[in-house]
1. Considering only residues that are buried (at least 16 other Cβ atoms within 10 Å of the Cβ) and either free of Cβ contacts under 8 Å to residues at least 40 places away in the same chain or among the small types (Gly, Ala, Ser) (or both), which ones fall in the range 23-38?
2. Looking only at residues that are part of a loop (DSSP other than H, G, I, E, B) and surrounded by 20 or more Cβ atoms within 10 Å (Cβ to Cβ) in the range 1-11, which one is modelled with the lowest pLDDT?
3. Ser125 versus (1) assigned to a helix (DSSP H, G or I); (2) crowded, with 18+ Cβ neighbours inside 10 Å: which is the lone unmet condition?
4. Taking the residues in the range 51-75 that are without any contact (Cβ under 8 Å) to a residue 60 or more places away in the chain and under 18 Å from the mean Cα position of the chain (by Cα) as candidates, determine which candidate is nearest to Lys87 (Cα to Cα).
5. Quick check on my filter: what residues within the range 81-120 are assigned to a loop (DSSP other than H, G, I, E, B) and among the acidic types (Asp, Glu)?
6. Among the residues of the range 123-142, count how many are among the small types (Gly, Ala, Ser) and in contact (Cβ under 8 Å) with a residue 60 or more places away in the chain.
7. Mind checking which residues of the range 20-54 are of a type in the set (A, V, I, L, M, F, W, C), more than 27 Å from Ser4 (Cα to Cα) and outside any loop (DSSP other than H, G, I, E, B)?
Amino acid sequence: MAASPLLLASGSAVRATLLRNAGLHFRARDSRVDEDAVKKRFAGSDTDTLALKLAEEKAQVVSQAEPAALVIGADQILSCCGERYDKPRDMDEARANLKKLRARDHILHSGVALALNGAIVWRHSDRAHLAMRDFSDDFLDLYLATVGDKVRSSVGCYQLEGPGIQLFDRIDGDYFTILGLPLLPLLAELRRRKAVTA
């Protein structure tokens, strides 16, 4: 029996690049899930569970529309000192968030799920701990000027594969989890399901 075609339930260029670089053949379809509504529905959940619920919702919504595909859903939430962070709406919010994260540790909670025939068939969550250094306001201004509007594409206002790496003193966790897709467990499950070559 032929493997189900792979579908990424996301408009994220980073997640698509990770899968493409890993040699996967897939299509991408944005789930258009109302993330705020999901967060309200699971507001009492711990942050790991909430990231996983968002990933599951995205995978399930796309799977219901394309039941023959094996659908990958993923999401990520940042937490620091008991507060959860969303992607910044504008440059002012990005600046404020980075000032709050400066000289503190924070956690990136990443979830990934697979759906088939409209049902979740696999899920995995992971977390990474990151310590921002105590950078100056001058450095913050330079950083924001350098990265520009790209700062709004990440929940933490940084991309480790770019100038964002200069914000940190220490990183403890899987690189792919930090980028928002726990890739190694996902690939292992795809191989187990014969969705990719073992």
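The values are calculated or read from the model by the stated rules, or taken from the named source; none is laboratory data. Only a predicted model underlies this, so the values are computations on that prediction, with no experimental measurement involved. Neighbour counts are summed over all protein chains in view; Cβ atoms, including those assigned to glycine, are modelled from backbone coordinates with ideal geometry.
1. Ala28, Arg29, Ser31, Val33, Val38
2. Ser10
3. (1) is the only condition that Ser125 fails.
4. Here the residue is Leu54.
5. Asp86, Asp90
6. Going through the range 123-142 one residue at a time, the tally reaches 1.
7. Result: Ala37, Val38, Leu50.
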